[in-house]
Structures are given as C-alpha cells and as structure tokens.
C-alpha cells in the first residue's frame, strides 16, 4: 500500500502520482485530508484510494475505473461526472452528489443533501439515508435508490432515469410520477442493494419516473415548464 499524508504533501502532488498509475491496480491510503477539495479527481486506472477522513468539493470527480472510499463526509459534487468505477462515501454527502455522472456506482452510507443525482446520465446511486430537495432533477438515465426519505420536487423535469424510494417523498417535481414496480425492477434492486451493503428489501421501495408529458411543448402544460 502507498501512503500519502496531505499534512505533508499537496493535493496536486497526490493527484499527479495517481494519474501516473495508469494500468497499475495499486492501493493507496490518504491521511489527514482535512476537508481538502478535488482529492482523487480525474483517475483513469484501476487503483483503490482510501481516504481517512473528511473531504471537500468534487472528490473523485470524473472518475474512471478507480475505487475511491471516503471514510468520512464529503462536500459538494462527490463523483461529479463519473464515468465508471466505484465511489463509496461512508458518511454524509453535501449537495449535487453524482451530478452529471455517466456510469459507475456511487454509494453513500449516510444522507445526501439537495440535488443528489442532478442531470444524472447513467450512473447508479445508492443512498442508505435520505436525500434533499430537487434530487434527480433532469435525470436523463441511470438509477437513484434512496433507502430513506426524499425531499421536495423529486425527479423534477426527469427524462428516463429510474428512481426508487423506500421512505416518504415530500413532493414530486414536474412530470415525475409513481410507476409500477415490475419483476425486472425488483431483480435489479435486489442485486444493487446487496452490492452496496444496504439493509433493505426490494419490495419496500416505490418506483418513480417520467410521465413523458414534457418531452414536447404542449400549450395545455405551459404552466409546468
């Protein structure tokens, strides 16, 4: 294992070393992150990075192939624009977790703040706690699984992302509706819940998605735009 202490080294030095590990399935442990921003961003190798503590904005942004584990809380935009790999936050996440992410799996053991999964484009996000308002806003593809509750305007202006919520939903956003839970959804949920270590059963969730009324402008729906 390679150990980097951010009390001694800079984030720039850490990220540069990680970027040089292309094709190297090495394991790294980052000490004393101290809420630093942009830790382990832009990775494009099958490395494993364990961060011992809290991080700031955009941790593991643009991730490809890597596994990044945050042993604490994280700030805005964790796993933003992630393409593949695994990001696991063992604490809580601030707003815009998984924003615009195209692929991979984001696991948040605690709660996620507002706009979790905003403009998601193919990522799978599992939040074992609750999410804040406007989560999955303009969600285009992928899956958001919430084991707790969801705040106001869930799935506002959603496209084809799938939302699964175990608890209560404060309100649904424009064009987001409750949908039937089919056997294929239960099967997929069972697999992702097991993979993420979530203590929940697929049958306990409700599925939400797009009513597809906002795909084309209709004057009768003008007030919803």
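Quick note: the coordinates plus some simple rules give every number you see, no bench work behind them. In this text the structure is predicted, and so the values were computed from the model without any measurement. We place every Cβ from the backbone using ideal geometry, glycine too, and count neighbours over all the protein chains shown.
The separation of the range 1-62 from the range 164-225, counted between C-alpha centres, amounts to 34 Å.
Computed from the alpha carbon atoms alone, the convex hull of the range 1-82 holds 64 Å³ per residue. The mean sequence separation of alpha-carbon pairs under 8 Å and at least six residues apart, normalised by the residue count of the chain, gives a relative contact order of 10 percent. Counted over the chain, the DSSP beta bridges are approximately 15% antiparallel. Each residue in 76, 48 was given a count of other beta-carbon atoms within 10 angstrom of its own, and listing them fewest first yields 48, 76. Ranked by the mean number of other Cβ atoms within 10 Å per residue, highest first, peptides 20-33, 96-109, 149-162 order as 96-109, 149-162, 20-33.
Oblate is the label for the range 58-155. Its Cα gyration tensor axes, ordered a ≥ b ≥ c, give a/c of at least 1.5 and b/c at or above a/b. Against the main long axis of the alpha-carbon atoms of the chain, helix 183-196 sits at an angle near 20°. Here is how the number arises for the chain: DSSP H runs of 4 or more residues each give -39500 (n - 2.57), the sum is divided by the residue count, and the result at 222 nm is -3000 deg cm²/dmol.
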